1. Just one of the numbered conditions (1) touching a Pro at 6+ places or on another chain (Cβ under 9 Å); (2) under 19 Å from ARG199 (Cα atoms); (3) open to solvent by 10 Å² or more (accessible area, probe 1.4 Å) is not true of ARG278; which one?
2. In the range 176-191, is there at least one residue being farther than 26 Å from VAL20 by Cα and either buried (at least 19 other Cβ atoms within 10 Å of the Cβ) or charged (D, E, K, R) (or both)?
3. If PRO238 passes every condition in (1) buried (at least 20 other Cβ atoms within 10 Å of the Cβ); (2) part of a helix (DSSP H, G or I); (3) in contact with a strand residue (DSSP E or B) (Cβ under 7 Å, 6 or more places away or on another chain) but one, which one does it miss?
4. For the range 122-135, give me each residue that is out of contact with any strand residue (DSSP E or B) (no Cβ under 9 Å at 6 or more places or on another chain) and either closer than 12 Å to ALA74 by Cα or surrounded by 13 or more Cβ atoms within 10 Å (Cβ to Cβ) (or both).
5. Which residue out of LEU232, LEU249, LEU204 is crowded, with 21+ Cβ neighbours inside 10 Å, touching a residue at least 40 places away in the same chain (Cβ under 8 Å) and part of a helix (DSSP H, G or I)?
6. Output the residues belonging to the range 35-61 that are in a strand (DSSP E or B) and either at pLDDT 95 or above or over 16 Å from ARG81 (Cβ atoms) (or both).
7. Restricting attention to the range 286-299, does a residue exist that is under 17 Å from the mean Cα position of the chain (by Cα), surrounded by 17 or more Cβ atoms within 10 Å (Cβ to Cβ) and either of a type outside the set (Phe, Trp, Tyr) or part of a loop (DSSP other than H, G, I, E, B) (or both)?
Amino acid sequence: MDEQEQRPEHGPLAGFTVGVTAARRADELGALLRRRGAAVLHAPALRIVPLSDDGELLAATKEIVHQAPDVVVATTAIGFRGWVEAADGWGLGEDLLARLRDVRILARGPKVKGAVRAAGLTEEWSPSSESMAEVLDRLMEEGVDGLRVAVQLHGEPLPGFVEALRAGGAEVVGVPVYRWMPPEDLGPVDRLLEATVSRGLDALTFTSAPAAASLLSRAEERGLLPEVLAALGHDVLPACVGPVTALPLQARGIDTVQPERFRLGPLVQLLCRELPARARSLPIAGHRVEIRGHAVLVDGELRPVPPAGMALLRALSRRPGWVVARAELLRALPGAGRDEHAVETAMARLRAALGTPKLIQTVVKRGYRLALDPAAGSKYADG
């Protein structure tokens, strides 16, 4: 077996760290990212609370009782049950169910279908995939022009769902069975903000506008907003599942990347293209070296590198082939203090992690430099 065959396989996101702000479907998004090799830092930027005593839900319920929609989209089992229970509490339960018996009901998945049937109703159709995207596809294929569609909104509705229906000519009545609130435990969000500011993340994902707004609000409360915006504007890639989700970031002047289809799968595929394309790739000592967030690819082989080593490598790569003084490298080390011996220790560990010591040359009494291939010297001479 040759060396190429012995190399472990790694996904396109290996060596990158991705932040996840979602409250709902975070497990699904995290699994998709990890499957492609990413390290994931999850901090729900909001929590979802029921609206059983809320005026918005009462108003939407009265509107539906007064004028039945053509279609009802039920998105979550707990939300649908909560809606019926809230209507009962207002004395509108029987009227609501009577209206819904004559309406086409689309249930997002088996659990939702069970809740619909428990209320004495029958769904017209339910996708086995439990995908709101599939529900949207079915509605758009059938045509919604002129229809009145009631959508039971859940904590983080699929971005673009309501917009797509309206663009297709439907009148959409939102049924808000939840409200977005800041998380009860702010610790994970604070750690996510700190990782953003310190560039410990390579990308930060958003699947709802409220989550994006909530994260920025917390950053402002902590006095970190300018630093967070600077990170998102240059070093940490903000990836939104759709244009509606991106609005709070765009309002702060932050450009985002978005997939063409507003779904989690395409969002992850987008990161699989964008992050490797942003990585620094250099020809060093006869090897192809690609510098990622917390790891390095040496001739395609993944080499995890400690944080101090990554800090040194990034400092060297800003001026490839040029000597970087120990004092400057010391300043690049996180919390290193004033002892230049810390540079030597971190450099030894970096070389060991890279597995190819000749990638970095020691220049006696001056510092260190990347052993940039001579043919590439002119291209990178200006750093």
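The values are calculated or read from the model by the stated rules, or taken from the named source; none is laboratory data. This structure is a prediction, so every number in the text was calculated from the model and none was measured. Note that each Cβ is placed from the backbone with ideal geometry, even for glycine, and that neighbours are counted across all protein chains shown. Ligands, DNA and RNA are excluded from the accessible area calculation, which covers all protein heavy atoms including side chains. Shrake-Rupley method; radii C 1.70, N 1.55, O 1.52, S 1.80 Å.
1. Tallying (1) touching a Pro at 6+ places or on another chain (Cβ under 9 Å); (2) under 19 Å from ARG199 (Cα atoms); (3) open to solvent by 10 Å² or more (accessible area, probe 1.4 Å), ARG278 fails exactly one: (1).
2. no
3. (2)
4. GLU130, SER131, ALA133, GLU134
5. On inspection, the qualifying residue turns out to be LEU249.
6. ALA39, VAL40, LEU41, HIS42, ARG47
7. Yes, because at least one residue in the range 286-299 is under 17 Å from the mean Cα position of the chain (by Cα), surrounded by 17 or more Cβ atoms within 10 Å (Cβ to Cβ) and either of a type outside the set (Phe, Trp, Tyr) or part of a loop (DSSP other than H, G, I, E, B) (or both).
Every residue, every condition in (1) within 22 Å of GLY11 (Cα to Cα); (2) out of contact with any strand residue (DSSP E or B) (no Cβ under 9 Å at 6 or more places or on another chain), yes or no:
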{"site": "GLU290", "(1), (2)": "yes, no"}
{"site": "VAL298", "(1), (2)": "yes, no"}
{"site": "ARG303", "(1), (2)": "yes, no"}
{"site": "PRO306", "(1), (2)": "yes, yes"}
{"site": "LEU316", "(1), (2)": "no, no"}
{"site": "ALA342", "(1), (2)": "no, yes"}
{"site": "LEU350", "(1), (2)": "no, no"}
{"site": "ARG369", "(1), (2)": "no, no"}
{"site": "ASP373", "(1), (2)": "no, no"}
